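K.L.:
Got a structure for you, questions after.
The values are calculated or read from the model by the stated rules, or taken from the named source; none is laboratory data. Bear in mind the structure is a predicted one, so any value in this text is a computation, not a measurement. Ideal geometry is used to build each Cβ from the backbone, glycine not excepted, and the neighbour counts take in all protein chains shown. Note: areas computed on protein heavy atoms with side chains; ligands, DNA, RNA excluded. Shrake-Rupley method; radii C 1.70, N 1.55, O 1.52, S 1.80 Å.
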Amino acid sequence: MNDSDASNESDANREGDGSEKGTGGLLLDDVRRMHVMVAGVRGARLVERVLPAPLPRVWQVMGDLEEGFGEFQPDMRSVRILRRDGERVEALARSRYGLRAHFHGVLRPGWCWLQSRFLVIGMAAVEAEEEGGHTRVALTGGVRVPGRAALVPFGARRELEQAMTRLAARIG
């Protein structure tokens, strides 16, 4: 799946203000949509957790690619947005190991899907229905297999769990 597919998928399943839209009677919020995206990518892993903070506070950290994102993603040293056109974003990331990735994708409140030639990053957050003032968060990502809808699964779950733990500590 390329980033335009991810963009088209997210555009097709939401209304202009980011609210839920049904497909066959099933409501897809952004976390459920992330489950669908992950199901379509062989080897992809997803970590989901309810965090004890309101959605605006959680997304303030998650959606801030240049500041907050690098503080909870274990392998990111920096991210710089190169271009933004509405929800479409182009960014350059540097890992803690000196590697670079040139990402293209979609960033909007509650949803982020970024892809480079070798990496995928997916984040979603919605208000937790069952717990007021809490946020349901889903994270995915990993190393892409070039030319295929597949990720290398080795170590992905551990890194995603670590990112979720760091995010929870960051929003305190």
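K.L.:
Please tell me if residue 114 is within 12 Å of the chain's Cα centre (by Cα), modelled with pLDDT of 95 or more, of a type in the set (A, V, I, L, M) and closer than 16 Å to residue 43 by Cα. Please lay out each step first, then the result.
P.N.:
Numbers: within 12 Å of the chain's Cα centre (by Cα): yes; modelled with pLDDT of 95 or more: yes; of a type in the set (A, V, I, L, M): yes; closer than 16 Å to residue 43 by Cα: no.
Criteria not met by residue 114.
K.L.:
Considering 172, 147, 132, which residue is at pLDDT below 95, open to solvent by 50 Å² or more (accessible area, probe 1.4 Å) and closer than 15 Å to residue 61 by Cβ?
P.N.:
Working: 147 fails: closer than 15 Å to residue 61 by Cβ; 132 fails: closer than 15 Å to residue 61 by Cβ.
The conditions single out 172.
K.L.:
Within the set of pairs 6+ apart or on separate chains, which have a first residue in region 158-171 that is touching a residue at least 24 places away in the same chain (Cβ under 8 Å) and among the basic types (Lys, Arg), a second that is assigned to a helix (DSSP H, G or I) and open to solvent by 10 Å² or more (accessible area, probe 1.4 Å), and C-beta atoms under 9 Å apart?
P.N.:
Matching pairs, first to second residue: 166/71; 170/71.
K.L.:
To continue, here is another question. Let me spell it out: the conditions are (1) exposed (fewer than 13 other Cβ atoms within 10 Å of the Cβ); (2) at pLDDT below 95; (3) in a strand (DSSP E or B), and residue 84 meets all of them except one. Which number is the exception?
P.N.:
Residue 84 satisfies all of (1) exposed (fewer than 13 other Cβ atoms within 10 Å of the Cβ); (2) at pLDDT below 95; (3) in a strand (DSSP E or B) except (2).
K.L.:
Additional query: Check off (1) touching a Phe, Trp or Tyr at 6+ places or on another chain (Cβ under 9 Å); (2) under 19 Å from residue 37 (Cα atoms); (3) open to solvent by 20 Å² or more (accessible area, probe 1.4 Å) for residue 104 and give me the number that stays unchecked.
P.N.:
Condition (1) is where residue 104 drops out.
K.L.:
For the condition of a type outside the set (Val, Ile, Thr), assigned to a loop (DSSP other than H, G, I, E, B) and at pLDDT 95 or above, what is the one hit in 64, 17? Spell out the reasoning first.
P.N.:
On the way: 17 fails: at pLDDT 95 or above.
Selected residue: 64, the only one of 64, 17 that is of a type outside the set (Val, Ile, Thr), assigned to a loop (DSSP other than H, G, I, E, B) and at pLDDT 95 or above.
K.L.:
Hey, can you tell me all the residues within region 114-129 that are in a strand (DSSP E or B) and either more than 16 Å from residue 29 (Cα to Cα) or open to solvent by less than 10 Å² (accessible area, probe 1.4 Å) (or both)?
P.N.:
Step one: of region 114-129, the residues in a strand (DSSP E or B) are 114-115, 119-127.
Answer for region 114-129, where residues must be in a strand (DSSP E or B) and either more than 16 Å from residue 29 (Cα to Cα) or open to solvent by less than 10 Å² (accessible area, probe 1.4 Å) (or both): 114, 115, 119, 120, 121, 122, 123, 124, 125.
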